[in-house]
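Working notes, structure below.
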Amino acid sequence: MSSNEVQAEIQYETVIGLEVHVELATKTKLFCACANEFGSEPNTNICPVCLGLPGSLPVLNERVVDFALRIGEALNFTVPQRSIFHRKNYFYPDMPKDFQTSQYDEPICAEGWIEVDGERIGIERAHMEEDTGKSTHVGGGGRIHDADHSLVDYNRAGVPLMEIVSHPAMRSSEQARGYVSELRAVLLAIGVSDVKMEEGSMRVDANVSIRPVGTTQLGTKVEIKNMNSIRSLGRAIDYEVERQTIATNTGERIVQETRHWDESEGITHGMRSKEGSSDYRFFPEPDLAPVAPTDEMRAAARAAIPELPAALRERIVAEWQVAEHDARVLVANPALSDYAQESVAALASGSARDVVNWCTGELLAYGNETGSEPNSWALSPIALAELVGLVGDGAISRSQAKEVLAGCLAGEGAPSDVASARGLAQVSDEGALAAIIAGVLEANPDAVAEYRTGDEKAQKKKRGFLMGEAMKASKGQGNPALLNRLLDAGLA
Amino acid sequence: MAKQSNEQVSITRSDVEHVAMLARLALTPDEVGEFAEQLTAILGHATDISSLDLDGVPTTAHPLPVTNVLREDVIGPSLDRDEVLAAAPSAEEGRFRVPRIMGEA
Ligand SMILES: [Zn+2]
């Protein structure tokens, strides 16, 4: 590259703002008593209110307000004395009333922040609004533009959402991913949503723009939709930044638009936009009274908030001596971290770190495979503590413990019972193990000789071989720490 | 809409046409003129309020002095699907059938 070309190369920085919609885990919808339930038969949770039939009147769900206040508290929001609902007017078949009840200039949560990897990310607002119905496009391969007609299910219409809008405060896809996973962990911990991106109970739209490094004016932003995992969010942002950088460098103008992320192709597509659709003619909803959170309501929300993920992680790392990464994996799953805490509290011997290792390894995998929650497992937190104790005391080996764990999860009983029923016990009899080592050394004179004369690499290799032979000779039941010590003595 | 120096607001024909389009109303040219006049008069009345000193007076969000009208989060009965769909112009597979949708909202 010549020096001229280097000079011509402008460095850009990425500016990202995220709009996150979360479905609240209430029993009923936002303004009516229809069930808020995923996966019901189409159009079975509908009533005059959520269908927008004439004369019907909405009444606000008190749990939604409580959840909104919890979010306000957990994300350091200012919660104003008053917030009101507005009508957002547009015509689209998935919204039977021809307007969406949302909040506009007086949201319930105004100006908050969340800490992500030691940095505060500002959040502009969080407001309550209702979800739309779900359309299925028939014909034309299910694509909206080519479809013959569409079918609409209004079960989701009126389901309560919180829309959480960050400032354009993020500078990389990595930071955006960090923001979403921290937000997800907080929302899970405070019990307001199950935040499953794959099932759509958490939806993330990203506003992405680029600008020359050192400038402060925001570039033209492009909104990207349809990412169904934190990983796709990162990929979509990276793709979009590259697309905008190439376009800008080749003199193309970036247009403000909404683009659709295509997971299989790994690209974003521009979407045809509806003319004049941004003119929503917001006006105050006359059928709903303002929400004015009282001291009691605020106190109740505050009381419902457990130790937040960041604090919990910090405590676990410090008190249990586990790696930051493991603490993160554990705390991202509140039910599992409750389970681990109960187990650690019941430990008689063995370490908290071992409890965490089982939880983030075998048990997390088991939960994912079976789709089950920790409180339904046949292995209780106390039983896990017992298992960790059996390993810690040297009664069973780590590999035997895996078998015991599987037996416990299959409902075979307490760890010690499963171990004895399956004949699993670790041999810690020093005399018996010493005899095994002596036998192995005698049977492998060549390996012993090569160990004694070899360099460090060869020594390591031969030692590993001899240890393997010894373990084999003990039928996998020899106490590894003891075998190691005896082998060292034998080779000295 | 055009805002004049004396705070009088006038609604133009194109304002009316734009709003009519958004509200999917088909107005005749005569009606466009008529509504432009009527809406200008209504907004003119509202501008009278601007002449008052309203610093520190919150906007009225609701005509009644009530707040926190809430209901418990308890499931109630929903409507019978067949009955609802029977009242729809068209239905298919337990869903409302609608004409082809042209673009995303
Ligand atoms: Zn309903």
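The values are calculated or read from the model by the stated rules, or taken from the named source; none is laboratory data. From a predicted model like this one, the values you see are computed outputs, not experimental measurements. Positions of Cβ are backbone-derived with ideal geometry, glycine not excepted, and every protein chain shown enters the neighbour counts. Only protein heavy atoms, including side chains, enter the accessible area calculation; ligands, DNA and RNA are left aside. Shrake-Rupley method; radii C 1.70, N 1.55, O 1.52, S 1.80 Å.
Of all residues in the stretch A:83-97, those that are at pLDDT below 95 and in a loop (DSSP other than H, G, I, E, B) total 8. Selection of the stretch A:358-376 for residues being surrounded by 19 or more Cβ atoms within 10 Å (Cβ to Cβ) and either touching a Ser or Thr at 6+ places or on another chain (Cβ under 9 Å) or in the same structural domain as A:Asn479 (by TED's automatic domain parsing) (or both) yields A:Trp358, A:Cys359.
Here is the figure for the stretch A:34-50: residues that are at the interface with chain B (Cβ under 7 Å from one of its Cβ atoms) and open to solvent by less than 30 Å² (accessible area, probe 1.4 Å) total 7. When A:Glu124 is tested against (1) more than 16 Å from the ligand (Cβ to nearest atom); (2) modelled with pLDDT of 95 or more; (3) in a loop (DSSP other than H, G, I, E, B), only condition (3) is not met. Go through the stretch A:157-183 and give me each residue that's part of a loop (DSSP other than H, G, I, E, B), surrounded by fewer than 24 Cβ atoms within 10 Å (Cβ to Cβ) and either without any contact (Cβ under 8 Å) to a residue 40 or more places away in the chain or of a type in the set (A, V, I, L, M, F, W, C) (or both). Hit for the stretch A:157-183 is A:Ala169, nothing else. The residue that is surrounded by the most Cβ atoms within 10 Å (Cβ to Cβ), among those in the stretch A:104-140 that are over 21 Å from A:Gly200 (Cβ atoms) and within 14 Å of chain B (Cβ to nearest Cβ), is A:Pro107.
Consider the stretch A:190-209 and keep the residues that are modelled with pLDDT of 95 or more and over 15 Å from A:Thr26 (Cα atoms). The one that is most open to solvent (accessible area, probe 1.4 Å) is A:Arg203.
Of everything in the stretch A:323-365, what is hydroxyl-bearing (Ser, Thr, Tyr) and over 15 Å from A:Ser380 (Cα atoms)? Give them in sequence order. Result: A:Ser349, A:Ser351, A:Thr360. Assess whether A:Arg63 counts as being assigned to a helix (DSSP H, G or I), within 14 Å of another protein chain (Cβ to nearest Cβ) and away from the ligand (no atom under 15 Å from the Cβ). The answer is yes for A:Arg63.
In the set B:Val98, B:Val32, only one residue is modelled with pLDDT of 90 or more, in contact with a His (Cβ under 8 Å, 6 or more places away or on another chain) and open to solvent by less than 60 Å² (accessible area, probe 1.4 Å); that residue is B:Val98. Only one of the numbered conditions (1) open to solvent by 70 Å² or more (accessible area, probe 1.4 Å); (2) over 30 Å from A:Leu69 (Cα atoms) is not met by B:Leu64, and that is (2). Of everything in the stretch A:1-57 that's polar (S, T, N, Q) and away from the ligand (no atom under 16 Å from the Cβ), which residue is modelled with the highest pLDDT? The extreme case among them is A:Thr14.
Residues that are assigned to a loop (DSSP other than H, G, I, E, B), within 16 Å of the ligand (Cβ to nearest atom), within 24 Å of A:Lys225 (Cα to Cα) and touching a Leu at 6+ places or on another chain (Cβ under 9 Å) do not occur anywhere in the stretch A:98-110.
Scanning the stretch B:72-83 finds one or more residues that are in contact with a helix residue (DSSP H, G or I) (Cβ under 8 Å, 6 or more places away or on another chain), at the interface with another protein chain (Cβ under 7 Å from one of its Cβ atoms) and open to solvent by less than 60 Å² (accessible area, probe 1.4 Å). Of the listed requirements (1) among the acidic types (Asp, Glu); (2) away from the ligand (no atom under 16 Å from the Cβ); (3) open to solvent by 70 Å² or more (accessible area, probe 1.4 Å); (4) modelled with pLDDT of 95 or more, B:Asp48 misses just one: (4).
Any residue in the stretch A:250-268 that is modelled with pLDDT of 90 or more, of a type in the set (Phe, Trp, Tyr) and open to solvent by 40 Å² or more (accessible area, probe 1.4 Å)? Looking for residues that are modelled with pLDDT of 90 or more, of a type in the set (Phe, Trp, Tyr) and open to solvent by 40 Å² or more (accessible area, probe 1.4 Å), one finds none in the stretch A:250-268, hence no. Which one is nearest to A:Cys34 (Cα to Cα) among residues in the stretch A:145-154 that are open to solvent by 10 Å² or more (accessible area, probe 1.4 Å) and within 16 Å of the ligand (Cβ to nearest atom)? Among those residues, the one meeting the criterion is A:Tyr154. Every condition in (1) free of Cβ contacts under 8 Å to residues at least 24 places away in the same chain; (2) surrounded by 11 or more Cβ atoms within 10 Å (Cβ to Cβ); (3) over 30 Å from A:Cys34 (Cβ atoms); (4) within 14 Å of chain A (Cβ to nearest Cβ) is met by B:Thr59 except one, and the failing one is (2). Within the stretch A:133-144, track down each residue that is over 22 Å from B:Leu85 (Cβ atoms) and within 16 Å of the ligand (Cβ to nearest atom). Matches in the stretch A:133-144: none. Does A:Tyr339 satisfy the criteria of being open to solvent by less than 50 Å² (accessible area, probe 1.4 Å), modelled with pLDDT of 90 or more and closer than 29 Å to A:Glu182 by Cα? Criteria met by A:Tyr339.
Filter the stretch A:28-67 down to the residues that are in contact with a strand residue (DSSP E or B) (Cβ under 7 Å, 6 or more places away or on another chain) and free of Cβ contacts under 8 Å to residues at least 24 places away in the same chain and list them by number. Across the stretch A:28-67, the qualifying residues are A:Ala35, A:Glu62. Looking across the stretch A:215-245, just one residue is open to solvent by less than 70 Å² (accessible area, probe 1.4 Å), part of a loop (DSSP other than H, G, I, E, B) and farther than 20 Å from A:Glu19 by Cα, and that is A:Thr215.
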